[in-house]
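K.L.:
There's a structure below that I have some questions on.
The values are calculated or read from the model by the stated rules, or taken from the named source; none is laboratory data. These numbers were taken from a predicted model, which means no experiment stands behind them. A quick note on method: Cβ atoms are made from the backbone with ideal geometry, for glycine too, and the neighbour counts reach across all protein chains shown.
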Amino acid sequence: MKQVITKSLCLVLALCLALAFAGCGNREAAAQEAKNTVTSFMDALVNLDMQEAAKHVDDPAALEKLDIANLSASTIDTVIENNPAMQPYKDKFVPIFDKALAKAKEVCKYEITSEEDDGVDFIYTINLTTPGDGSKTEEALKNAMAEYLTQDGLMKLMNDLLASGKISASSSEDDILNVAFDAITGKVLEALDTIEIETKTEEMNVTVSETDGKWLVKTVGKE
């Protein structure tokens, strides 16, 4: 009888150990899945790809609250929709916006500084670096365009365009505006090549939770 009890106890102990190790293995697998989720999410954010970032979020609408979302490729459509006067010249603004977006991507980066497992969710502390308030960039662009921001500067531009044959006395107003826009756009693009984008780094918390068997970003917040 004693041997039977001893064997039974050994079997129970072995089963408990097996379950414990299985649970540990499952949690390690969950931790890896959660880490993959937060990494994919942050990679998409710093690439300014909000559509990709939304795939890793429980509620994609939460992305709209992030400052970095304002740097996404869809921003130009919103800006132009809200400024009817810009709509006829959208194609002129797109190259400027694309260059500015590329410059912004150059400075966007993140670093996961800590990870926490509370038994249910995984919480990550992340340092996110993005472009600053844009004041220095705006000043640099104004300086680059200073020659066109005065009446004398605009007159000089018109005279240069006339002398080059790009416009003539018989050119329509639309033709003149299009050629002038091209000249000014070129100046802005040249300036963007040399501008150093100022940055800011903020600490944020990202919580990853399991929803219907899939690990997704549940909350994103600044410290």
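K.L.:
Among the residues of the stretch 199-209, are any farther than 23 Å from Pro88 by Cα, free of Cβ contacts under 8 Å to residues at least 24 places away in the same chain and of a type outside the set (Val, Ile, Thr)?
P.N.:
No - not one qualifying residue is present in the stretch 199-209.
K.L.:
Moving to a separate point now. Across the stretch 78-135, what is the total count of residues that are of a type in the set (Lys, Arg) and in contact with a Pro (Cβ under 9 Å, 6 or more places away or on another chain)?
P.N.:
1
K.L.:
Confirm whether Val208 is modelled with pLDDT of 85 or more, over 25 Å from Leu141 (Cα atoms), surrounded by 12 or more Cβ atoms within 10 Å (Cβ to Cβ) and not acidic (Asp, Glu).
P.N.:
yes
K.L.:
Now, a different point. Report whether or not Asp118 is touching a Lys or Arg at 6+ places or on another chain (Cβ under 7 Å), farther than 30 Å from Lys187 by Cβ and at pLDDT 90 or above. Working first, answer last.
P.N.:
Working: touching a Lys or Arg at 6+ places or on another chain (Cβ under 7 Å): no; farther than 30 Å from Lys187 by Cβ: yes; at pLDDT 90 or above: yes.
No, not satisfied.
K.L.:
Condition (residue is under 23 Å from Thr219 (Cβ atoms) and under 23 Å from the mean Cα position of the chain (by Cα)) applied to the stretch 91-105: is it met by at least one residue?
P.N.:
no
K.L.:
Within the stretch 121-154, count every residue that is under 30 Å from Val38 (Cα atoms) and at pLDDT 75 or above.
P.N.:
Residues flagged as under 30 Å from Val38 (Cα atoms) and at pLDDT 75 or above within the stretch 121-154 amount to 13.
K.L.:
Just to be sure before I move on: is Thr150 hydroxyl-bearing (Ser, Thr, Tyr) and closer than 30 Å to Asn47 by Cβ in the structure I sent?
P.N.:
Considered against the rule, which asks whether it is hydroxyl-bearing (Ser, Thr, Tyr) and closer than 30 Å to Asn47 by Cβ, Thr150 comes out as no.
K.L.:
Tell me, which residue of the stretch 150-179 that is of a type in the set (A, V, I, L, M, F, W, C) and exposed (fewer than 13 other Cβ atoms within 10 Å of the Cβ) is nearest to the chain's Cα centre (by Cα)?
P.N.:
Step by step, filter the stretch 150-179, then rank; the result is Met155.
K.L.:
While we're here: Quick one: would you say Thr125 is hydroxyl-bearing (Ser, Thr, Tyr) and closer than 15 Å to Thr199 by Cβ?
P.N.:
no
K.L.:
Restrict the check to the stretch 141-151 and report whether at least one residue is aromatic (Phe, Trp, Tyr) and either out of contact with any helix residue (DSSP H, G or I) (no Cβ under 9 Å at 6 or more places or on another chain) or not in a helix (DSSP H, G or I) (or both).
P.N.:
No, the conditions are met nowhere in the stretch 141-151.
K.L.:
Would you check if Asp67 is exposed (fewer than 12 other Cβ atoms within 10 Å of the Cβ), under 16 Å from Lys222 (Cβ atoms), under 19 Å from the mean Cα position of the chain (by Cα) and not aromatic (Phe, Trp, Tyr)?
P.N.:
On the way: exposed (fewer than 12 other Cβ atoms within 10 Å of the Cβ): no; under 16 Å from Lys222 (Cβ atoms): yes; under 19 Å from the mean Cα position of the chain (by Cα): yes; not aromatic (Phe, Trp, Tyr): yes.
The answer is no for Asp67.
K.L.:
May I pose another question? Checking the conditions here, which among Ile167, Ile176, Ile184 is over 30 Å from Ser40 (Cα atoms), part of a loop (DSSP other than H, G, I, E, B) and touching a helix residue (DSSP H, G or I) at 6+ places or on another chain (Cβ under 8 Å)?
P.N.:
None of the others qualify; the one that does is Ile167.
K.L.:
Are there any pairs, at least 6 apart or on different chains, whose C-beta atoms fall under 7 Å, with the first in the stretch 133-144 and farther than 11 Å from Ile195 by Cβ and the second surrounded by fewer than 11 Cβ atoms within 10 Å (Cβ to Cβ) and of a type in the set (S, T, N, Q), and if so, which?
P.N.:
Listed pairs, sorted by first residue: none to list.
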